[in-house]
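Here's the structure we're looking at; comments come further down.
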Amino acid sequence: MSKLLLKGGRIVDPAQTIDIIADLLVEDGKIVAIAEAITDDGAVQKDVTGMIVAPGLVDIHCHLREPGQERKETIATGTRAAAAGGFTTVMPMPNTSPVADNPAAIMYVKDRAKDTGVVHVYPIGAITKGSNGKELAEMSAMADVGARAFSDDGRPVASSRMMRLAMEYSLITKLPLIAHEEDLVLVDEGDMNEGYMSTVLGLKGNPKAAEETMIARDIILARLTGARLHVAHVSTKHGVAMIRGAKAEGLKITAEVTPHHLTLTEEAVKNYDTNTKVNPPLRTTEDIEALLQALIDGTIDCVATDHAPHTIEDKVIEYHFAANGISGFETALPLLYTRLVQTGKLTLSQLIDKLSTAPARIMNLPAGSLAVGANADIIVIDPKGEKAVDRNAFYSKGKNTPFDGEILTGWPVLTVVDGVIVMENGEIKE
Amino acid sequence: MAIRTKDLIDLEFLSAAEIQEILNTAKPMKEVMGRDIKTVPALRGKTVATLFYENSTRTRLSFELAAKYLSAGTCNISASVSSVKKGESLQDTGRTLEAMGTDIIVIRHNMSGAPKLLGEGVKARVINAGDGTHAHPTQALLDMFTIEERKGHIEGLTVTILGDILHSRVARSNIWGLTKLGAHVRLCGPPTLMPKEVEKMGAEVFYDIDEALNGADVVNVLRIQLERQEKGMFPTIEEYAKNYAMTEERLKRAKKDVLVQHPGPMNRSIEIPTAVADSAQCSVEEQVTNGVACRMALLYLMCGGETLV
């Protein structure tokens with residue numbers, strides 16, 4: 001069978017806490033050896049001297065849009081974008097059309113991923129039918145066919161009673177609920193963070209309190225029910241503080257942060273660039289500092305992109321009408337490498353942990369490790385080469401990024417899924 | 001000196017010198033308006049389109065007449081935002097106008113940022129005639145022109161803007177313009193209608209009208225919308241008037257020669273009692289006249305007109 005030998009790279013694997021120069025041998029889709037000077041004449045050899053070899057990245061929060069919103073993205077294009085960005089495992093949200101709130105819908109996503117995708121896809125099921133917040137979805141049946149978490153993502157469960165029931169019921173599945181934390185009544189159609197910039201721009205503010213009150217509620221309900229709660233894209237300093245307290249108390253709470261909430265503030269909205277319209281909105285410098293600190297101290301377990309592709313027409317429109325979201329797969333790694341690792345805020349190993357090992361662990365996915373015997377989901381990162389983000393070159397249908405033209409370092413140059421090269425030097429191998 | 005930027009989105013992006021240039025140019029324009037023959041050929045051969053997504057007879061007419069007095073061709077397009085959302089995009093509408101030979105597009109839109117979006121999509125110059133709760137630069141220009149006319153200067157004056165600051169594009173543009181020209185700006189209204197961190201724009205915030213009026217040279221009274229009460233932002237119109245109506249009694253707190261402004265249309269029985277509205281201290285009608293003059297000045301300068309004074 002097929003063999004792949006990566007020669008001379010810097011192998012960084014947070015799962016094994018290793019950071020060594022060595023060769024890595026893959027056989028039949030598994031990692032079979034990490035050692036110095038491996039020779040194997042039957043293997044495809046890649047000289048990766050000077051490069052970083054890491055476990056494939058894992059994104060536990062993304063939108064692949066299929067079925068029903070194929071103009072924005074398909075599983076085919078979305079997984080290619082993922083592979084181009086170094087992601088080998090992704091978890092798509094269920095807010096498709098129709099909503100993935102039943103086992104058939106989960107199986108559809110898995111089947112389409114198998115037929116048309118190039119990375120591992122583990123679907124997330126809805127918490128309530130149609131994500132309407134009224135009746136529980138078939139969480140147990142969805143878990144049976146492969147759903148790995150549940151979320152009503154952009155439509156947070158408003159009723160505290162329904163959320164309590166969902167948390168209790170989720171205990172059957174042992175899977176986490178992923179909560180997009182926003183009290184939509186308090187959001188009141190706010191378009192951006194409420195503060196100086198919303199005042200200057202005359203855009204309706206979405207107060208941090210809208211996110212924080214919901215985090216507080218869900219922590220309290222997690223305490224009541226003993227459920228596993230994963231807080232999606234936390235964006236505020238006080239939200240982080242509550243999660244820190246809940247973890248110290250021993251509640252089963254995990255949290256993620258997006259690359260854009262770690263790198264952009266409300267200031268980015270100043271020219272009404274709708275590529276900055278995200279939910280929750282971009283906050284302030286003090287929030288970024290708190291998020292980064294929380295990422296380092298483990299309060300925030302991982303980074304998730306919230307890859308949210310949209311058509312041009314969804315974005316070249318009045319700010320209020322513009323869709324929320326950033327096409328994030330193809331910029332996440334170099335963005336964070338450039339802004340956090342090169343600046344010394346995070347070590348390389350910490351970044352790989354937050355983008356691969358940690359998300360795999362909290363979602364219990366077979367990924368995020370280069371251990372012998374593990375699936376050969378591997379990426380190679382060039383730590384030196386600089387390149388400008390070119391959204392027109394994205395594999396994603398979504399060209400909606402506020403980072404277009406930014407010169408970044410730390411681009412993935414090889415993506416291997418189950419031992420097969422799916423991306424090399426930015427090109428997807430078909 | 002002409003306007004540097006292609007589009008006139010807000011006074012935030014103009015220098016003090018540019019603002020002063022527009023105000024200075026408005027003086028001879030006002031003189032033109034006073035003539036028996038009110039037209040000058042300054043913009044002959046140019047076409048100005050007004051593209052209004054919000055009803056506003058006053059502002060539209062003001063721009064249209066300003067263009068006509070300068071001999072520009074004009075056309076008026078009314079559109080509704082709902083049709084825009086479903087049908088043609090704003091930029092496509094703009095490009096259509098441009099393809100027909102429009103030099104300047106004057107846009108009024110109920111969404112903040114729409115003029116910026118339009119300007120990015122067309123080569124024609126765009127003038128913001130009011131967008132959402134963002135900016136209304138020509139209203140601020142005419143307010144400032146009126147102040148200068150009445151007071152002789154703007155620098156050093158204390159200007160109190162009273163009412164629903166949160167939803168007021170007039171307030172925001174006035175804050176930028178007045179502070180750039182050296183005035184002190186105070187904002188006063190109920191806390192539920194005060195935008196967050198607005199102090200950082202360079203204004204002082206008051207919830208108490210008497211404090212806000214104390215020693216003021218100018219009071220700009222904003223229109224209160226009944227809709228805000230319906231949305232729960234204050235209890236009753238009666239209580240609003242109790243706290244924030246610009247009454248004769250309260251006006252005594254301000255300087256003796258205080259100038260009262262209102263962007264119109266006025267709610268006479270609510271934010272501005274008739275006794276004040278019709279007093280000599282109130283400049284509502286002059287503001288309307290000056291609005292045409294300021295818009296003439298702006299159109300002139302945006303079409304590359306040279307300094308007149």
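The values are calculated or read from the model by the stated rules, or taken from the named source; none is laboratory data. Just so it is clear, the model here is predicted, and its values are computed rather than measured. For neighbour counting, all protein chains shown are included, and Cβ atoms are generated from backbone atoms with ideal geometry for every residue, glycine included.
Tell me, yes or no, whether the range B:117-131 has at least one residue that is within 14 Å of chain A (Cβ to nearest Cβ) and at positive phi. The answer is yes; a qualifying residue exists. Scanning the range A:128-183 for residues that are without any contact (Cβ under 8 Å) to a residue 12 or more places away in the chain and part of a loop (DSSP other than H, G, I, E, B) yields one hit, A:E135.
Please determine whether any residue of the range A:288-295 is in contact with an Asp or Glu (Cβ under 9 Å, 6 or more places away or on another chain), of a type in the set (A, V, I, L, M) and modelled with pLDDT of 95 or more. The answer is yes, given that some residue of the range A:288-295 is in contact with an Asp or Glu (Cβ under 9 Å, 6 or more places away or on another chain), of a type in the set (A, V, I, L, M) and modelled with pLDDT of 95 or more. Tell me yes or no: at least one residue of the range A:302-309 is over 12 Å from the mean Cα position of the chain (by Cα) and either away from chain B (no Cβ under 14 Å) or touching a residue at least 12 places away in the same chain (Cβ under 8 Å) (or both). Checking the range A:302-309: at least one residue is over 12 Å from the mean Cα position of the chain (by Cα) and either away from chain B (no Cβ under 14 Å) or touching a residue at least 12 places away in the same chain (Cβ under 8 Å) (or both). For the range A:338-350, does any single residue satisfy the condition of being farther than 25 Å from A:I21 by Cβ, in contact with a helix residue (DSSP H, G or I) (Cβ under 6 Å, 6 or more places away or on another chain) and not assigned by TED's automatic domain parsing to the domain that holds A:A15? Yes: the range A:338-350 contains one or more residues that are farther than 25 Å from A:I21 by Cβ, in contact with a helix residue (DSSP H, G or I) (Cβ under 6 Å, 6 or more places away or on another chain) and not assigned by TED's automatic domain parsing to the domain that holds A:A15. Residue-level check: of (1) under 19 Å from A:G9 (Cβ atoms); (2) in contact with a Ser or Thr (Cβ under 7 Å, 6 or more places away or on another chain); (3) among the acidic types (D, E), A:D382 misses just (2).
Here B:K255 clears all of (1) in contact with a Lys or Arg (Cβ under 9 Å, 6 or more places away or on another chain); (2) in a loop (DSSP other than H, G, I, E, B); (3) modelled with pLDDT of 95 or more except the condition numbered (1).
The set of residues in the range B:187-225 being β-branched (V, I, T) and outside any helix (DSSP H, G or I) consists of B:V205, B:V218, B:V219, B:V221, B:I224. Selection of the range B:1-36 for residues being among the hydrophobic types (A, V, I, L, M, F, W, C), at pLDDT 95 or above and in a loop (DSSP other than H, G, I, E, B) yields B:I9, B:L14.
For the residues B:A203, B:A241, B:A254, the requirement of being within 26 Å of B:E286 (Cβ to Cβ), surrounded by 13 or more Cβ atoms within 10 Å (Cβ to Cβ), touching a residue at least 60 places away in the same chain (Cβ under 8 Å) and of a type in the set (A, V, I, L, M) singles out B:A254. Every condition in (1) of a type outside the set (A, V, I, L, M, F, W, C); (2) within 27 Å of A:E66 (Cα to Cα); (3) away from chain B (no Cβ under 14 Å); (4) surrounded by fewer than 22 Cβ atoms within 10 Å (Cβ to Cβ) holds for A:E313 except the one numbered (3). Here B:E54 clears all of (1) out of contact with any Gly (no Cβ under 6 Å at 6 or more places or on another chain); (2) more than 26 Å from B:T146 (Cα to Cα); (3) at pLDDT below 95; (4) buried (at least 17 other Cβ atoms within 10 Å of the Cβ) except the condition numbered (2).
Just one of (1) within 22 Å of A:Y272 (Cα to Cα); (2) surrounded by fewer than 16 Cβ atoms within 10 Å (Cβ to Cβ) fails for B:L11. It is (2). For B:L142, indicate whether it is within 14 Å of chain A (Cβ to nearest Cβ) and surrounded by 24 or more Cβ atoms within 10 Å (Cβ to Cβ). Taking the combined requirement at face value, the residue does not satisfy it.
Put simply, of B:E21, B:E31 the only residue that is under 17 Å from B:T146 (Cα atoms) and more than 20 Å from the chain's Cα centre (by Cα) is B:E31. Residues in the range A:186-204 that are within 9 Å of chain B (Cβ to nearest Cβ), part of a helix (DSSP H, G or I) and either of a type in the set (A, V, I, L, M) or over 22 Å from B:N174 (Cβ atoms) (or both): A:M197, A:V200, A:L201.
If the condition is being more than 11 Å from chain A (Cβ to nearest Cβ) and surrounded by 15 or more Cβ atoms within 10 Å (Cβ to Cβ), then the range B:189-200 contributes B:G189, B:P190, B:L193. Being touching a helix residue (DSSP H, G or I) at 6+ places or on another chain (Cβ under 8 Å), farther than 30 Å from B:S62 by Cα and part of a helix (DSSP H, G or I) holds for only one residue in B:R228, B:R250, and it is B:R250.
Here is a yes/no grid of residues against (1) surrounded by fewer than 21 Cβ atoms within 10 Å (Cβ to Cβ); (2) within 14 Å of chain B (Cβ to nearest Cβ); (3) assigned to a helix (DSSP H, G or I):
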| site | (1), (2), (3) |
| --- | --- |
| A:L224 | yes, no, yes |
| A:H233 | no, no, no |
| A:G239 | no, no, yes |
| A:G245 | yes, no, yes |
| A:V269 | no, yes, yes |
| A:R283 | no, yes, no |
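Here's the yes/no breakdown for (1) crowded, with 23+ Cβ neighbours inside 10 Å; (2) within 14 Å of chain B (Cβ to nearest Cβ); (3) over 18 Å from A:A232 (Cα atoms):
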| position | (1), (2), (3) |
| --- | --- |
| A:V157 | yes, no, no |
| A:S170 | yes, no, no |
| A:T173 | no, no, yes |
| A:I178 | yes, no, no |
| A:L184 | no, no, no |
| A:N206 | yes, yes, no |
| A:A209 | no, yes, no |
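Test B:A66 against the stated conditions and say whether it is in contact with a helix residue (DSSP H, G or I) (Cβ under 9 Å, 6 or more places away or on another chain) and among the aliphatic types (A, V, I, L, M). Yes, satisfied. Within the range A:309-353, the set of residues being small (G, A, S) and assigned to a loop (DSSP other than H, G, I, E, B) comprises A:A322, A:A323, A:G325, A:S327, A:G328, A:G344.
Of all the listed residues (A:S140, A:S151, A:S97), the sole one being surrounded by fewer than 23 Cβ atoms within 10 Å (Cβ to Cβ), modelled with pLDDT of 95 or more and in contact with a helix residue (DSSP H, G or I) (Cβ under 9 Å, 6 or more places away or on another chain) is A:S140.
Conditions tested, residue by residue: (1) among the hydrophobic types (A, V, I, L, M, F, W, C); (2) part of a strand (DSSP E or B); (3) in contact (Cβ under 8 Å) with a residue 60 or more places away in the chain.
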{"residue": "A:I11", "(1), (2), (3)": "yes, yes, yes"}
{"residue": "A:I20", "(1), (2), (3)": "yes, yes, no"}
{"residue": "A:V26", "(1), (2), (3)": "yes, yes, yes"}
{"residue": "A:Q45", "(1), (2), (3)": "no, yes, no"}
{"residue": "A:I60", "(1), (2), (3)": "yes, yes, yes"}
{"residue": "A:R71", "(1), (2), (3)": "no, no, yes"}
{"residue": "A:T77", "(1), (2), (3)": "no, no, yes"}
{"residue": "A:T88", "(1), (2), (3)": "no, yes, yes"}
{"residue": "A:V99", "(1), (2), (3)": "yes, no, no"}
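In the range B:92-128, the qualifying residues are those that are in a strand (DSSP E or B) and touching a residue at least 60 places away in the same chain (Cβ under 8 Å), and the one that is surrounded by the fewest Cβ atoms within 10 Å (Cβ to Cβ) is B:R125.
Would you check if A:I378 is over 30 Å from A:G68 (Cα atoms) and out of contact with any helix residue (DSSP H, G or I) (no Cβ under 7 Å at 6 or more places or on another chain)? The answer is yes for A:I378.
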